Structures are given as structure tokens and as C-alpha cells.
Amino acid sequence: MRFDYDVIVVGAGHAGCEAAHAAAAIGARTLLITMDMNKIAQMSCNPAVGGIAKGQIVREIDALGGMMGIVTDRTAIQFRMLNRSKGPAMWSPRSQSDRNRFSALWRHILENTPGLDMWQGNVVALRFDDDNRLAGVTTAEGAEFNAPNVVLTNGTFLNGLMHIGRVQFAGGRISEPASCGLTEQLVGLGFKADRMKTGTPVRLDGRSIDFSKTEPQGGDNDWHGFSYLPEVHRELKQRDCYIVYTNERTCEILREGLPDSPLYNGQIQSIGPRYCPSIETKIVTFADKTEHQLFLEPEGEDTQEFYVNGFSSSMPMHIQIEALSTVPALANAQLYRAGYAIEYDFFDPTQLRHTLETRLVPGLFFAGQINGTTGYEEAAGQGLVAGANAALRALGKEEFTLSRDQAYIGVLIDDLVTKGVDEPYRMFTSRAEYRILLRQDDADMRLTPVGYSIGLADERRFNLTEEKRRLRDEIIAFARDYSVKAAYINEGLEALGTTPLKQGVKLIDLIQRPQLTIENLAALIPAFAELLDRFPADRRDEITEAAEILIKYDGYIARERQNAEKLRRLENIKLPLDIDYHKLTSITTEARQKLDRIRPVTIGQASRIPGVSPSDVNILLLLMNR
């Protein structure tokens, strides 16, 4: 039996799974500790992955060598590319997954990852050596494991408290115990903790739903997915989701139940997610609306269990049942379980470095909801970064960070570390100032070389990425050099609904037209078709789409890259870690206080701290020049 490790990861949710896999893949001897080995990567709320900006994060995880994209594709029961009517910077993949298969596949991956062990137990304390250095963890069962690097990914379990109406009970998830002890120890070490709230809707028996009174919503059946690996694809039967709507009577019942709602009777004091509000929050915030959209989403390939997306609630059980019964399709709905809210401890993320290592305790890393975020994807992205850095620290290698113009994961972590949170943080495309550079189609181009350089992405993935880059650039070079004669192609252009040519042009000029694509032009130009026919059949669509986006949006991409280069100069100006901001009387008092608390690493990070004005930044620049 082994008790000594390089890295210990506490918690096997989405952050913990990616952290443990990343640490072991890089070469650190790793232990993953979870309270229940049958609940690994549990999809506690919606059994879905991706969505606006979240899908981009999953693509980035895959590009770096993480596992979430692979697991999602292989367990998907519906896939959709959201925002296809908008520009490619807004395209966001989303997948409905089979909850049980998702968890089972993650467990299979972890159990077969070289260098990774697993232990079922409840960690109640960190251990320190005689020199006050982090030395490992202790479990409630009395087991002691040793490691100089620990990643905490405790999710909603730290002093978790659940609410259904006025009923309260301790727990980290329904039917699972809370985790106690760690918060108190960390606060004793000087960490700042607070409480947050999240929730989940009822689950319904599909046999009791009248689907004739719903609007079916099917998925996409094209080649798109989350993983860049060509052999990874959807393996399960695809299923529809269904749309229904609440009505005025639904809202009346919910309003009558507000006095017993933990959110409005003072029972819950913590802040819930703004962008995934409970149904009771919707009827209060949008009091003039009587109709709210609900999505009935299957929880698996074969199960009858349905998730009611949009009806998250902590109302008393009888209110939830009565309100749902006013929706025609759900008049006879049979519940598997009621919705509930959960309060839990989190730690102010401004106490972290960009590696997600804590400033107070070297070797201690936080990832996921412990940092005040919400969402599987945000958790997994943090877990990968924290696990990778814990391993790199253990092996004495250079740390790994991602910048804001490099990845949505970089935006996420910089926002957390620089700005902190006052509500559960959720990623949106609007949070990224360089979203044209952070598209879901090119995460592999941006990040696979990075993942390969730290030992996370393997050589085969790297070679596939470089082959895609070469073939993509071949298309662009061919299109830039190939001349098209008007007489030769005008009939075909008219058939495709675009203006015929008055004179010959380069092929690249035609591809830039919104009505035309690389594939429909290849059907008109044999030499172009011959080039594309040489590409691997299982990757042709992906490669041509990548080339087409670069051609059509070349001007926008170039301008965004120039803007990023200008601002990157601020990121290259380092601030001394021991600077005494309180002595800088030429900057505002608020700026001095916030700079001293957050301790930014660069001028760029300092400029993004709320309360630090442009004039404060100019003064810092002057001081650095001196």
C-alpha cells in the first residue's frame, strides 16, 4: 500500500477528475481521494456539457490534452452547435449526456491512467510538517497520505446545507454527506471564506409527460463535436429534448409560495447564480412575465428520467408539484425527486496566483466551486490548470499559465484572481475581449502545442494538430494563388445565388463571399476538388471549416490580434512581488488597498482590478520605468 505521493487531489467532481488526470499524465505520482467512487464526475445538476462560452472551454480542455471533451462526445445523446446564425466567434458546442455513462467512462479513464491511484474517503484536514510546510492530508477514517502538493476541489460539499422550503438538512448533494473540518482549518490559517448558493430542479418520470403538448427539439447530426481526435465520436442513440412554457396560473402558485421560499424568507443569506436563476427568482425579477420557457431534457439513452431545465427551485415540495401541474404537458407529472437549493463554503479567489496555487500555503491549489464559480466546464478548466501546476511544481519544472488572449480558461482564471467574485461566476463570450481569437474551431491551434510542451498532450495529438495546420494553410495558399475566369464559373455562381463575375478573380475573393463555401466552390473547380480529395476523409470537414473561417474573417482576426499585441505589452511589465503599495501616495487610497490585497503580477493585471484607474496605471508605469 502506497501512502507517499507527489500530488493529492481531493474531490472527484469535474475539477478533481481533470486535475488528477493532468497531474498523472505530466508524470507526478498522484492520488485522487473521493467520498464515493460510484459518484465520480457526477453531473449533479443538468446532464449537459457546453453552451455559450462553456463549450469553448471544453474544446480548450481537449486541445490541452484533458478528457472532458472525449467523455462528453462518447456519452452524448444530443449535440447542438449553438449560435450558428452568428459569426464563428459565437459558435458554441453543447451536448446532452447520458449521466450514468458519463460517470462510468470517467472512472474507467482514471482507473487506467498510469501513475494515478484512488482512495475512497473524506478528507477532514491538511497535514503540515515541523517546518509548517504542507505535507499531505488526513481523512475522517484516520488514513494519512503524504504529498507536498494538494489540490482541493470540494465542490458544494464544504459545510453543505440543503433547503427544500423550510426543511433544511446537511449534505453536499442529495443523499450525500457534507464535508466538515477543512473550512475551519483554512480560516485558521488566514484564508477568507464565505458562502454561496446554487440549486437544481425537479426530476420527472417521462412516462407521466404528455409529449403531444410539447415542442420537440432535435440535435445536429453533422461531424461537429468536442474532441479534436478523429476517432472520437458520438456512440449512443440520439434523443430529442422538449420545450414547454409556464403560464399565469403557474406564476400565481409560485408567488403564493414565496413566504415559504428559503430565498425570500431569510433562511438563505448567501448569493445565488445571476445567470441561472431559480423559478422563484424569475417571477420576482420579471414580475410582468407570465410565460417562462422550460426544457425537458432526458438524463440518459434509455432512462425515463427527465431534467426540467429552467425550473430550479427550493420551494416547498407541494408548491413545486402544484406549479408544474399547471403546465399542460405536465398536468399528471410524476416526480422522481423535488428540486432543492444548497449553500456551501467557498474561498475568495483573489487569494490565488494564476497557477491556482494559494498565496498563503505554497503547494496548496484550489479549483472549481471552492473558488466561487459555477458550472462543470469552468470547474474542469480550473482543475486541469491546478493539477498540471501541482505536477510541474512537484517535478521542479516551470509553471503553466494561460493569458486572456490565449484561452477562455485564461480569461476565467484572470477574472477570478484579479476581480474576485460576489456571485457564482459563469463564463460568457462577452467576458472575453478577444473572443474572435478564442473561437471553438481553433482551440487546438492555440493550445495543443502548449499542452504538448508541458507533457499533457501526447505526441500523436500534437502531430495531428500540426498536420491540420499544414493542410489548412495549403487551402489558403491555393485559394490565394488560383485564378478563376468569369466565363468558366459564372453559371455555377448564379446557381449558388451570388453575383456573377465581370472579370477573373483569385479564388480567395470568392470564398470571402457569404453565399459561397469551400465545398460548393470545389464542386465547380476540379483543381480545388483534387486538392481537398487528398485530405484525410475523417478530418476534411474540420480542416476546410478552419480554413474558411480564417479566409472569411481575416480582417477582423488581424485587427483583434493587433489589439491583443498592444495590450500584451502591459502583461510583460512585471511588478515586484514585495512592492509596498501603501507608500505610493500618488495613487488613490482605493487603488493602494486593492493592489496590496491582490498583489498583481503585471501592470496588465493591475489595470483590470476594479478601483484601479487609468491614472493609477500610468503612475505604476512611470515607477517601473524608473
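A few remarks follow.
- Accessible area per residue, Å², the range 277-326 with all protein chains present, probe 1.4 Å: 37
- With a Förster radius of 41 Å applied to the C-beta separation of Gln304 and Phe428, the computed FRET efficiency comes to 0.75.
- Accessible area of the range 501-621 divided out per residue, in Å², using a probe of 1.4 angstrom: 53
- Lysine pairs in the range 454-607 with Cα atoms under 26 Å, if 8 or more residues apart or on separate chains: 13
- For the chain, size of Cβ-based charge dipole, Lys and Arg +1, Asp and Glu -1, in debye: 1300
- From the coordinates shown, mean projected area of the Cα convex hull in nm² corresponds to which of [x] 31.7; [y] 37.4; [z] 28.6: [x]
- Summing charges over neighbours of Ala367, with a neighbour being any other residue whose Cβ is under 10 Å away from its Cβ, gives -2 when K and R count +1 and D and E count -1.
- Heavy-atom accessible area, probed at 1.4 angstrom with all protein chains present, ranks Lys86, Lys502 as Lys502, Lys86, highest first.
- Considering only Asn332, Phe400, Trp119, and ranking their Cα positions along the charge dipole of the chain that arises from unit charges at the beta-carbon of Lys, Arg, Asp and Glu, the one farthest toward the positive end is Phe400.
- Label-to-label distance for Asp473 and Asp129 is 4.7 nm, based on points extended 7 Å past Cα in the beta-carbon direction.
- For the range 38-85, the solvent-accessible area of protein heavy atoms averages 20 Å² per residue (probe radius 1.4 Å; ligands and nucleic acids excluded).
- Each Lys or Arg adds one and each Asp or Glu takes one away; over the other residues whose Cβ falls under 10 Å from the Cβ of Asn159, this sums to -2.
- Taking 30 Å as the straight-line reach from the Cα of Lys289, the lysines in range (excluding those fewer than 8 positions away in the same chain) are Lys54, Lys86, Lys197, Lys213.
- Around Ile61: net Lys/Arg minus Asp/Glu count, Cβ-Cβ under 9 Å: -3
- Among the protein heavy atoms of the chain, carbon and sulfur supply 49% of the accessible surface, probe 1.4 Å, non-protein parts ignored.
- Global form of the range 178-239, assessed from the alpha-carbon gyration tensor, a/c cut-off 1.5: oblate
- Protection proxy ranking of 48-57, 522-531, by the mean of other Cβ atoms within 10 Å over each peptide's residues and highest first, is 48-57, 522-531.
- Label point distance in nm, Leu258-Arg274, each placed 7 Å from Cα along Cα→Cβ: 2.1
- Counting only whole DSSP H helices of the chain, the ones at least 24 Å long by C-alpha along their axis and with mean Kyte-Doolittle hydropathy no lower than -1.0 are 376-394.
- Label zone of Arg480 (point 7 Å out along Cα→Cβ, amide N under 17 Å): in the range 490-528 this covers 506-512.
- Remark: spin-label model distance Ala331-Lys289 equals 2.6 nm, labels positioned 7 Å along the Cα→Cβ axis.
- Taking a ≥ b ≥ c as the square roots of the eigenvalues of the alpha carbon gyration tensor, the range 398-496 is oblate, as a/c is not under 1.5 and a/b does not beat b/c.
The values are calculated or read from the model by the stated rules, or taken from the named source; none is laboratory data. This structure is a prediction, so every number in the text was calculated from the model and none was measured. Cβ sites come from the backbone with ideal geometry, for glycine too, and all protein chains shown count toward neighbours. Just the protein is used for accessible areas: all its heavy atoms, side chains included, with ligands, DNA and RNA removed. Shrake-Rupley method; radii C 1.70, N 1.55, O 1.52, S 1.80 Å.
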